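The values are calculated or read from the model by the stated rules, or taken from the named source; none is laboratory data. What you see is a predicted model, and the numbers here were worked out from it, not measured in a lab. Don't worry about glycine lacking a Cβ; one is built from the backbone with ideal geometry, like all the others, and counts go over all protein chains shown. Side chains are part of the model used for accessible areas, which takes the heavy atoms of the whole protein and leaves out ligands, DNA and RNA. Shrake-Rupley method; radii C 1.70, N 1.55, O 1.52, S 1.80 Å.
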Amino acid sequence: MSLFVDVILPLPLSNRYTYILPDDLAEQVKMGIRVIVPFGPKKYYTAIVTEVHDRAPEGYKLKSVVEILDRAPIIFPGQLRFWEWIASYYLCTIGDVYKAALPSGLKLESETLVIYNPDFDVSVSLNAGEQTILESLANGKERNLATLQKECHVKNILPYIKTLLEKEAIFIKEEVRRSYKPKMETRVRLCNPNVECIQTLLESLKRAPKQQAVLRTYIELACLESGEELEEVCRKDLLEKSGASSSILNELIEKGIFELYQFEIGHLKEENQRTDFQLVHPLNDYQQKAFAEINHLFSEKNICLLHGVTASGKTEIYIHLIKQTLQAGRQVLYLLPEIALTTQITQRLKRVFGDQLGIYHSKFSDMERVEIWQKQLSEKEYRIILGVRSSVFLPFRNLGLVIVDEEHENTYKQQDPAPRYHARNAAIMLASMHRAKTILGTATPSIESYFNTQIGKYGLVSLSQRHHAVELPQIMVVDIAELIHKRRMKGAFSPLLLEKMRQALEQKEQVILFQNRRGFAPMIECHTCGWVPKCKNCDVSLTYHKGLKQLTCHYCGYTYSVPQVCPACNGNDLRNRGFGTERIEDEIREIFPEARIARMDLDTTRTRSAHEQIIADFQQKRTDILIGTQMVSKGLDFEHVSVVGILNADSMMNFPDFRSHERAFQLMVQVSGRAGRKKKQGTVVLQTKSKDSPLIEQIVKADYPTLYENQMAERLLFKYPPFHRLVYIYLKHKHAELVDAASREMAIHLRRIFGSRILGPDAPPIARIQTLYIRKIILKIETSVSLSKVYEQLQYIHRSIQEDERFRYVTIYFDVDPY
Ligand code: ADP
Ligand code: ZN
Ligand code: ZN
């Protein structure tokens, strides 16, 4: 009797494929292991076994499994159910989900690019096949596996590649390569750290006033006398602040008073390896009450929204919930919307939970991600996983709690490629499959989540006090329309903002400036004829990047040189229009030449350590002013920020999308929340041209209830979520006429079934990206309608369009619950 396996391939295919199992492999096969199978002409893929059976399919000739890669399953059975849920809810294929879920190193295929590891330990023993392949790769050039296989005359290369990867002889090449080089700094400390001896020391230097001055500066910088925690002192700062020369410092070192040491900056504190629940901060009264309420609600509800103002201590409450979950012997998944946030939270969690904490995100090398995956399968798994979106795909044996921090963040929704899933909603599903509880936390809830608390689906717990009763920042609105008219703006800055910044800097406090555009100028324009440079691949104007001396398309990444004259009229009056973060930085450097300035946006945070560096520098007061895009708005906790400037509120408010007001409220309340987190009240200067808009008033008062009421009224009227479910249907092709025809045809089919619930087709605001024309059809469907029926219809229409010869090459996909 022959045996067969059904497998999932890492390709956008909905079906399982069946292969014959050769007799000699039959013993070892089980569900959840990887096998290598041929697919299409001469291609091999790593597939995952979903079933072993003896039902011979009829009607076509089967191919055979080539090799088995694992002894034990590399996914838990529950994961497969989770993948299936994602594929069916977000209308994509199980192959898409498999591709997104596994790190590349676990799903080798013919196109996988590999490179030689120059640091490979040659004493590791290799078999003949491995040896041949490694020699072929050793010249340093990257190769895909298909090419490599040809070169080496090996019949099937994947098993060798798998073992070479395990022996770390080669790497999978990725877009984001590991580029982490720690930055070192020289620091100074007292040889004898005993504070009592300080007076004696000062005494002893009476006759060397310059040396004594250095010691005094040190005492001040290290906060030796304030009784607070000691601050680290860097050599450069000490010399600058004391005005001493390095030879004076050297004399003190020779006397055995100071010593120098190297410190890796970016990494803030020594890592604590052991778990020590003693280190959990006790909760204050409000937090205690909220914590008890959450536990009470969890007895009858699975999901709870923690609506706590910024700096109320939500993170401290999470820490208590984690502790409780670990003590019950279960695991925790802690989701964050952005890598930038992981640094700070990692420190806070590591302090308490030590090496029980694992971190998972896309700036890790693939090898590290494979390691974490395998660790989670083992008996010694991390008990807590802190990560971004894709960590919902990790194997969990025994999940007890899911935390979704900043649950309102739209970056939880994956845009491209499929699966276009919302990590918050997927995590809620994952939790329910594990019978785990979910806590959603935010200062600015999404309308959807808040709605769910109002209808009793989620529990709601509110925290309206900041820790230590620090007041929420005072928001001052500045009417820049008037100031521009009176010519009183200095570049992008109102006199009030500059005044507040100056005061803050004088008092050695820090400033955050928020501008939601990166680059130097969002566009350039010919002042004579109005010509604006556009991308040749996309329907968007180009952003000017001064530092790089180029124009960049933020949609396809294509770059252009900056024209000297206008190609339309030959005029040479090309002007920058608008302000990006780079231009803000330039202007600030001119206005405050002494200030130390840093910028945090997509352009300055391309490498793995860049975020950590910028945040660590700001946290340790090595920079005074931090300029950034929405990256600076998110959950960061800085102690010394007293002023936040929102440079231009209007672009956020006027964005053409039904969520724009909700988004603008969230962004501005969040960024304001960075001010005055400890000790004293902060100030926010909010610059806008629509001073009297009700939305601005809601932001100033942090009046969420009114925002919610207004939004709900609008959404009911215009049939938006949470009252209706949205599905966007996208069609793309490089010929406009073809995509027009296909989308019209599709809309006709759709209207036959869904009637007036179908809108479009329309060209979206950016109607062409990467040379493809885009058309969009919208389905607005009552939430009461059964989804599976709707999806069946959609899939059916999708297939019928795609089966039409003319439209075979039109790309069609769905975006369910779009953001
Ligand atoms: P949120 O997550 O609500 O913005 P955080 O948890 O970051 O608030 O708390 C703000 C600041 O107050 C942090 O620096 C945190 O360490 C401190 N803090 C909050 N609650 C406590 C507590 N119970 N004990 C000690 N420090 C606390
Ligand atoms: Zn011109
Ligand atoms: Zn482009």
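Would you pick out the residues in region 415-434 that are modelled with pLDDT of 95 or more, part of a loop (DSSP other than H, G, I, E, B) and surrounded by fewer than 21 Cβ atoms within 10 Å (Cβ to Cβ)? Talk me through it step by step, then tell me what you get.
Applying the first criterion (modelled with pLDDT of 95 or more) to region 415-434 yields 419-434.
Add one more test, that the residue is part of a loop (DSSP other than H, G, I, E, B), and what stays is 419-421, 434.
Across region 415-434, the qualifying residue is only HIS434.
What do you reckon, is ILE75 surrounded by fewer than 20 Cβ atoms within 10 Å (Cβ to Cβ), closer than 27 Å to LYS167 by Cβ and of a type in the set (A, V, I, L, M, F, W, C)? Before the answer, list the steps.
Details: surrounded by fewer than 20 Cβ atoms within 10 Å (Cβ to Cβ): no; closer than 27 Å to LYS167 by Cβ: yes; of a type in the set (A, V, I, L, M, F, W, C): yes.
Here the answer is no, as ILE75 does not meet what is asked.
When the residues of region 511-542 are narrowed to those that are touching a helix residue (DSSP H, G or I) at 6+ places or on another chain (Cβ under 7 Å) and polar (S, T, N, Q), which ends up farthest from ligand 3 (Cβ to nearest atom)?
Filtering first and then ranking leaves GLN515.
Has region 362-385 got at least one residue that is assigned to a loop (DSSP other than H, G, I, E, B), touching a residue at least 60 places away in the same chain (Cβ under 8 Å), closer than 30 Å to GLU168 by Cβ and open to solvent by 40 Å² or more (accessible area, probe 1.4 Å)?
Checked against the condition, which is being assigned to a loop (DSSP other than H, G, I, E, B), touching a residue at least 60 places away in the same chain (Cβ under 8 Å), closer than 30 Å to GLU168 by Cβ and open to solvent by 40 Å² or more (accessible area, probe 1.4 Å), region 362-385 yields at least one hit.
Would you check which residues across region 546-601 are free of Cβ contacts under 8 Å to residues at least 40 places away in the same chain and within 16 Å of ligand 2 (Cβ to nearest atom) and list them?
Selection gives LEU551, VAL562, PRO563, GLN564, VAL565, PRO567, ASN570, ASN572.
Residue-by-condition table, conditions (1) more than 27 Å from GLU316 (Cα to Cα); (2) open to solvent by less than 10 Å² (accessible area, probe 1.4 Å):
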{"site": "ILE646", "(1), (2)": "yes, yes"}
{"site": "THR688", "(1), (2)": "yes, yes"}
{"site": "ASP692", "(1), (2)": "yes, no"}
{"site": "ILE696", "(1), (2)": "yes, yes"}
{"site": "TYR704", "(1), (2)": "no, yes"}
{"site": "LYS719", "(1), (2)": "yes, no"}
{"site": "HIS724", "(1), (2)": "yes, no"}
{"site": "VAL727", "(1), (2)": "yes, yes"}
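Filter region 278-303 for residues that are touching a residue at least 12 places away in the same chain (Cβ under 8 Å), more than 27 Å from GLU471 (Cβ to Cβ) and within 15 Å of ligand 1 (Cβ to nearest atom) and give the result.
LEU279 - this is the single residue of region 278-303 that is touching a residue at least 12 places away in the same chain (Cβ under 8 Å), more than 27 Å from GLU471 (Cβ to Cβ) and within 15 Å of ligand 1 (Cβ to nearest atom).
Residues to consider are LEU102, LEU164; find the one that is hydrophobic (A, V, I, L, M, F, W, C) and more than 30 Å from the chain's Cα centre (by Cα).
LEU164
Quick one: is THR581 at pLDDT 90 or above, more than 16 Å from ligand 3 (Cβ to nearest atom) and either hydrophobic (A, V, I, L, M, F, W, C) or within 14 Å of ALA521 (Cβ to Cβ) (or both)? Break it down into steps so the answer makes sense when it comes.
On the way: at pLDDT 90 or above: yes; more than 16 Å from ligand 3 (Cβ to nearest atom): yes; either hydrophobic (A, V, I, L, M, F, W, C) or within 14 Å of ALA521 (Cβ to Cβ) (or both): yes.
Criteria met by THR581.
May I ask you to say which residue of SER800, SER784, SER743, SER756 is away from ligand 2 (no atom under 16 Å from the Cβ) and assigned to a loop (DSSP other than H, G, I, E, B)?
Numbers: SER800 fails: assigned to a loop (DSSP other than H, G, I, E, B); SER743 fails: assigned to a loop (DSSP other than H, G, I, E, B); SER756 fails: assigned to a loop (DSSP other than H, G, I, E, B).
That would be SER784, the only listed residue that is away from ligand 2 (no atom under 16 Å from the Cβ) and assigned to a loop (DSSP other than H, G, I, E, B).
Check TYR728, TYR773 and return the single one that is hydroxyl-bearing (Ser, Thr, Tyr), in a strand (DSSP E or B), free of Cβ contacts under 8 Å to residues at least 60 places away in the same chain and out of contact with any Cys (no Cβ under 7 Å at 6 or more places or on another chain).
On the way: TYR728 fails: free of Cβ contacts under 8 Å to residues at least 60 places away in the same chain.
Matching residue, one of TYR728, TYR773: TYR773.
Do we have any residue at all in region 735-751 that's under 27 Å from the mean Cα position of the chain (by Cα) and buried (at least 19 other Cβ atoms within 10 Å of the Cβ)?
Kept after step one, since they are under 27 Å from the mean Cα position of the chain (by Cα), are these residues of region 735-751: none.
So far as region 735-751 goes, no, none of its residues is under 27 Å from the mean Cα position of the chain (by Cα) and buried (at least 19 other Cβ atoms within 10 Å of the Cβ).
Which one is surrounded by the most Cβ atoms within 10 Å (Cβ to Cβ), of the residues in region 545-578 that are modelled with pLDDT of 90 or more and under 25 Å from the mean Cα position of the chain (by Cα)?
The selected residue is CYS553.
When the residues of region 783-808 are filtered to those that are acidic (Asp, Glu) and open to solvent by 60 Å² or more (accessible area, probe 1.4 Å), which remaining residue is nearest to the chain's Cα centre (by Cα)? Full working, then the answer.
Here is the first cut: in region 783-808, the ones acidic (Asp, Glu) are 792, 803-805.
Okay, now just the ones that are also open to solvent by 60 Å² or more (accessible area, probe 1.4 Å), so 792, 803, 805.
Details: GLU792: 33, GLU803: 38, GLU805: 40 Å.
By that ranking, first place goes to GLU792.
Please go through region 296-316 and pick out each residue that is under 20 Å from PRO473 (Cα atoms), out of contact with any Phe, Trp or Tyr (no Cβ under 8 Å at 6 or more places or on another chain) and in a strand (DSSP E or B).
If the condition is that a residue be under 20 Å from PRO473 (Cα atoms), out of contact with any Phe, Trp or Tyr (no Cβ under 8 Å at 6 or more places or on another chain) and in a strand (DSSP E or B), then GLY308 is the only one that fits.
Considering every residue within region 706-721, establish whether at least one is within 16 Å of LYS780 (Cβ to Cβ) and touching an Asp or Glu at 6+ places or on another chain (Cβ under 8 Å).
Yes, region 706-721 has at least one match.
How about region 1-19: which of its residues are assigned to a loop (DSSP other than H, G, I, E, B) and closer than 17 Å to TYR45 by Cα? Full working, then the answer.
So in region 1-19, the residues assigned to a loop (DSSP other than H, G, I, E, B) come out as 1-2, 9-16.
LEU9, PRO10, LEU11, PRO12, LEU13, SER14, ASN15, ARG16, listed by residue number.
What number of residues within region 20-72 satisfy the criterion of being surrounded by 12 or more Cβ atoms within 10 Å (Cβ to Cβ), part of a loop (DSSP other than H, G, I, E, B) and aliphatic (A, V, I, L, M)?
Here the count works out to 8.
Please enumerate the residues belonging to region 593-628 that are hydroxyl-bearing (Ser, Thr, Tyr) and open to solvent by 10 Å² or more (accessible area, probe 1.4 Å). Break it down into steps so the answer makes sense when it comes.
Taking region 593-628 as the starting set, the residues that turn out to be hydroxyl-bearing (Ser, Thr, Tyr) are 604-605, 607, 609, 623.
Within region 593-628, THR604, THR607, SER609, THR623 qualify.
Check LYS141, LYS99, LYS150, LYS155 and return the single one that is free of Cβ contacts under 8 Å to residues at least 40 places away in the same chain, open to solvent by 70 Å² or more (accessible area, probe 1.4 Å) and part of a helix (DSSP H, G or I).
Numbers: LYS141 fails: part of a helix (DSSP H, G or I); LYS99 fails: free of Cβ contacts under 8 Å to residues at least 40 places away in the same chain; LYS155 fails: part of a helix (DSSP H, G or I).
Exactly one of LYS141, LYS99, LYS150, LYS155 is free of Cβ contacts under 8 Å to residues at least 40 places away in the same chain, open to solvent by 70 Å² or more (accessible area, probe 1.4 Å) and part of a helix (DSSP H, G or I), namely LYS150.
Taking GLU639 as meeting all but one of (1) closer than 26 Å to LEU483 by Cα; (2) open to solvent by 60 Å² or more (accessible area, probe 1.4 Å); (3) within 16 Å of ligand 1 (Cβ to nearest atom), write down the number of the exception.
All conditions are met except number (1).
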